[in-house]
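Asker: Sharing a structure below in structure tokens format, with a few things to ask.
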Amino acid sequence: MVINTAFFPKLMWNGRFFAPSGDPFDNSRGFVFPLPEGVTRFPPNNPIIRTLLAAQAHLPPTELVEVAGFTGTAGTIGPEFDSFDDGKGSVVPPPDQSGSRNEPIRQAVLARLNADQGGSCQPAE
């Protein structure tokens, strides 16, 4: 099933990530994502992000409803998210000038990966 995911023209159950071409391997028309990524994060003919699945791989760490084990958001996003802030794990960065946490989260994950000299990438305490 995981391998077949790459062949889907839309990803996620609600189809919120999709290839306007109808072909997840064709980035000639770019890829569409919800804001703040929208249609500009993965533009048409991007030489690095050529498939919908590769583009989607940039989003999972930014979807707070899909992860748990973080802190720093209780009382700031909305009551429906407060139960996910268990006081453990990494502090979620504050939103950037766009009002979104997506890019700050991506940058924090990238910094952690780049700082991991031993290859273990242990979660922050």
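Asker: Quick one: 84, 42, fewest Cβ neighbours within 10 Å first, how do they rank?
Answerer: With the sparsest Cβ surroundings first, the list reads 84, 42.
Asker: With an 8 Å cut-off on Cα pairs and a minimum separation of 6 or more residues, tell me the relative contact order of the range 61-115 in percent.
Answerer: 33 percent
Asker: What does the C-alpha gyration tensor say about the overall shape of the range 61-115? Classify as rounded when a/c is under 1.5, otherwise prolate if a/b is larger than b/c, or oblate.
Answerer: Taking the square roots of the gyration eigenvalues as a ≥ b ≥ c, the range 61-115 is oblate.
Bear in mind that the values in this text are calculations on the coordinates, not laboratory data. Worth saying up front: this structure is predicted, and the values here are computed from it rather than measured. Heads up, the Cβs are rebuilt from the backbone with ideal geometry, glycines too, and the neighbour counts pull from every protein chain shown.
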